[in-house]
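Working notes for the structure below.
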Amino acid sequence: MEHSLEIYNTLNRRKERFVPLHEPHVGLYVCGPTVYGDAHLGHARPAITFDLLFRYLQHLGYKVRYVRNITDVGHLEHDADEGEDKIAKKARLEQLEPMEVVQHYLTRYRHAMEALNVLPPSIEPMASGHIIEQIELVKQILEAGYAYESAGSVYFDVEKYNRDHHYGVLSGRNIEEMINNTRSLDGQDEKRNGVDFALWKAAQPEHIMRWPSPWSEGFPGWHCECTAMGRKYLGEEFDIHGGGMDLVFPHHECEIAQAVASHGHPIVRYWMHNNMITINGQKMGKSLGNFITLEQFFTGDHPNLYKPYSPMTIRFFILGAQYRGTVDFSNEALEAAEKGMERLLDAAALLDGLKTADATSVEVAGLRKRCYDAMNDDLNSPMVIAALFDAARAINAVHNGQGTITQADLDELREVFRLFLFDLLGMRDERASRASGNEAFAKAMDLLLNIRAEAKARKDWATSDKIRDELTDLGFTIKDTKDGAEWKLN
């Protein structure tokens, strides 16, 4: 293929040229949300990160099967093995069926993803719909000798696995030291070691969600779902597994151990992890109570928000950092993202009206290559944006009569903006959909500006200024040009 993506493989801490195992097919699995509350900014980052990867792999010509799971059972409140199921707790507090909670928040999550222009995955499996597959996985691990039953629950034997393989290959944790530090737990609970993790949990009498199994009536451990569903839909070896950096340990570490224990080999070739969204330097998340939901961003209904921020502002804000870097929330950062996004959208809107010349005097050479080089360098979206800003300066120079451009270079600019700003970065001009997309609205604006132009022609400055000022108060920007006037809805 003409372009070859390099991704940063978490497993070996170095860049590797990405060559899919079964060209031109790519299997991509991404950990989706636990649906017991509204999606917040932390949920938006992995969704947008892997949407960018999904879009780019398809653009490069790969046929991508993108699986993003939904956790609706087994994710316990305190950690992976202890406490109340998060969805069951929400159901108990709100006096609902657990699946009512799931359906409500899953619908809201999907609406938020649509607003962010995140493409739907190829398959969106739910943990509760794959209990049989998870039971089968547990059976295989037991048969291989890397798990044990205790009081109706089944636990993964980390110490035994570590002797034969290497538990900690993804996170770099010193497991021997962790095992030694938890030996005091022996005999105090169902586990042989505190580092062992649940594959199946026997349900307590009050537990709502439960299924029959060979060991007890209970439910699967949280870590089982991705291993079971990944191999069901992508096979026993697939290309990329992604998620947030907070999932490296223990979730993804446990997934690797489960795969090796049941199959004898890892099933994932590349591990990709986006970094966190922080607020005042601290991870933003439900467990810390410092999160802001996406709906609150869109409406501005939160004490920490100065104003509403559109879905595309949120998307541009997240893409403004490379996916492995941290992003710290602030109103100032969001406002800067909003202004930067508008600069690029304004430049894109000017492309169709630019006049061409016999020679190009602005700098546009190599723009497409710069964008491809940035994308191929571990999805370096901020470098793509920087290249587009340089292009925007050239467009504005030509528009303002301070430069010239040939038809060939103008066509190239149009294609680069279409491909990289809209198709790959996934931006869309929400202002256009609100205003210019409404033909009657646009014609009414043109009529107003024509009336204003006639007033200026007869030197009726009071009428001219009144139209401009009142439109400005309504949220429009009116810019006088040598050919008349331009408008946009802010």
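Here, each number is a calculation from the coordinates, and none is a lab measurement. Quantities reported herein were computed from a predicted structural model and do not represent experimental measurements. Cβ placement follows ideal geometry from the backbone for every residue including glycine, while neighbour counts extend to all protein chains displayed.
Quote the relative contact order of the chain in percent (integer), defining contacts as alpha-carbon pairs under 8 Å separated by 6+ residues.
Here the relative contact order equals 15 percent.
What are the ³J(HN,Hα) couplings of segment 69-76, residue after residue, when phi is run through the Karplus curve with 6.51, -1.76, 1.60 and θ = phi - 60°? Round to Hz, x for glycine and proline.
In residue order, the calculated couplings are 7, 10, 8, 10, 6, x, 8, 7 Hz.
Identify, among ILE132, TYR56, LEU413, the residue whose Cα sits farthest towards the positive end of the charge dipole of the chain, taking +1 on the Cβ of Lys and Arg and -1 on the Cβ of Asp and Glu, with the dipole about the Cα centre.
LEU413
Please compute the length gained on full extension between GLN407 and GLU82, using 0.36 nm multiplied by the number of residues separating them and subtracting their Cα-Cα distance.
Extra length available between GLN407 and GLU82 comes to 110.5 nm.
Along the Cα-to-C-beta direction of ASP358, a point sits 7 Å from the Cα; which residues of segment 407-426 have their amide N less than 14 Å from that point?
Those under the cut-off are 407.
Would you pull out the residues with amide H under 5 Å of VAL268's amide H, same chain only if 5 or more places away, H placed 1.01 Å from N?
Here PHE238 satisfy the definition.
Quick check: pseudo-label points 7 Å beyond the Cα along Cα→Cβ at GLU470 and LEU93, how many nm apart are they?
5.0
Tell me the label-point distance for the pair GLU332, ALA444, using the 7 Å Cα-to-Cβ offset, in nm and rounded to one decimal.
Between GLU332 and ALA444, the label points sit 3.9 nm apart.
Between segment 365-438 and segment 197-255, how many Å separate their Cα centres?
If you average the Cα positions of each part, the centres end up 43 Å apart.
Tell me, rounded to the nearest percent, the portion of alpha carbon pairs in segment 20-274 spaced more than 28 Å apart.
The answer is 33 percent, as a whole percent.
As I understand it, the value is the acute angle between the Cα axis of helix 461-473 and the longest principal axis of the Cα atoms of the chain; what does it come to in degrees, rounded to 10?
Taking Cα atoms only, the helix is inclined about 0 degrees.
If you put +1 on each Lys and Arg Cβ and -1 on each Asp and Glu Cβ, how big is the dipole of the chain around its Cα centre, in Debye rounded to 20?
For this selection, approximately 1060 debye.
Between LEU419 and ARG393, what is the label-point separation in nm under the 7 Å Cα-to-beta-carbon projection?
Result: 2.3 nm between the two label points.
Suppose only helical runs count, i.e. DSSP H with n ≥ 4. What mean residue ellipticity at 222 nm does that imply for the chain under -39500 (n - 2.57) per run, divided by all residues and rounded to the nearest 500 deg cm²/dmol?
-13000 deg cm²/dmol
Could you tell me the largest-minus-smallest coordinate of the C-alpha atoms of segment 191-305 on each of the three principal axes, in descending order and whole angstroms?
In descending order, the Cα extents are 50, 41, 30 Å.
Have a look at SER361, ALA337, THR293 and report the one farthest towards the positive end of the charge dipole of the chain, computed about the Cα centre with Cβ charges (Lys/Arg +1, Asp/Glu -1).
SER361
Of the GluC sites (Glu not before Pro) in segment 206-236, which ones lie in a loop per DSSP and count no more than 16 other C-beta atoms within 10 Å?
GLU206, GLU217, GLU236
For a quick protection proxy, order the peptides 356-362, 130-136 by their average other-Cβ count within 10 Å, most packed first.
Highest to lowest by the protection proxy: 130-136, 356-362.
If you find the alpha carbon centre of segment 20-44 and of segment 306-340, how far apart are they in angstrom?
Their Cα centres are 21 Å away from one another.
In segment 340-376, whose amide N lies under 18 Å from the spot 7 Å out along Cα-to-Cβ of ARG428? List them in ranges.
In segment 340-376, the label zone of ARG428 (backbone N under 18 Å from the point 7 Å along Cα→Cβ) covers 341-342, 345-346, 348-349.
With 5 Å bins from zero, work out the P(r) of segment 279-428 over every alpha carbon pair and list the percent per bin.
Once binned at 5 Å, the Cα pair distances of segment 279-428 give 2, 9, 17, 19, 16, 13, 10, 7, 4, 2, 1, 0, 0.
Mind jotting down a quarter of the surface of the convex hull over the alpha carbons of the chain, in square nanometres, one decimal?
Computed as one quarter of the Cα hull surface, the answer is 27.0 nm².
So if we plug the beta-carbon distance of HIS265 and SER122 into 1/(1 + (r/R0)^6) with R0 = 30 Å, what FRET efficiency do we get, rounded to 0.05? Don't skip to the answer; put the middle values down first.
Details: r = 25 Å, r/R0 = 0.82.
The value I calculate is 0.75.
Helix 131-144: angle to the longest alpha-carbon principal axis of the chain, degrees 0 to 90, nearest 10?
For helix 131-144, the angle is close to 50 degrees.
Roughly what angle does helix 224-234 make with the longest principal axis of the chain, taking Cα atoms, 0 to 90 degrees, to the nearest 10?
60
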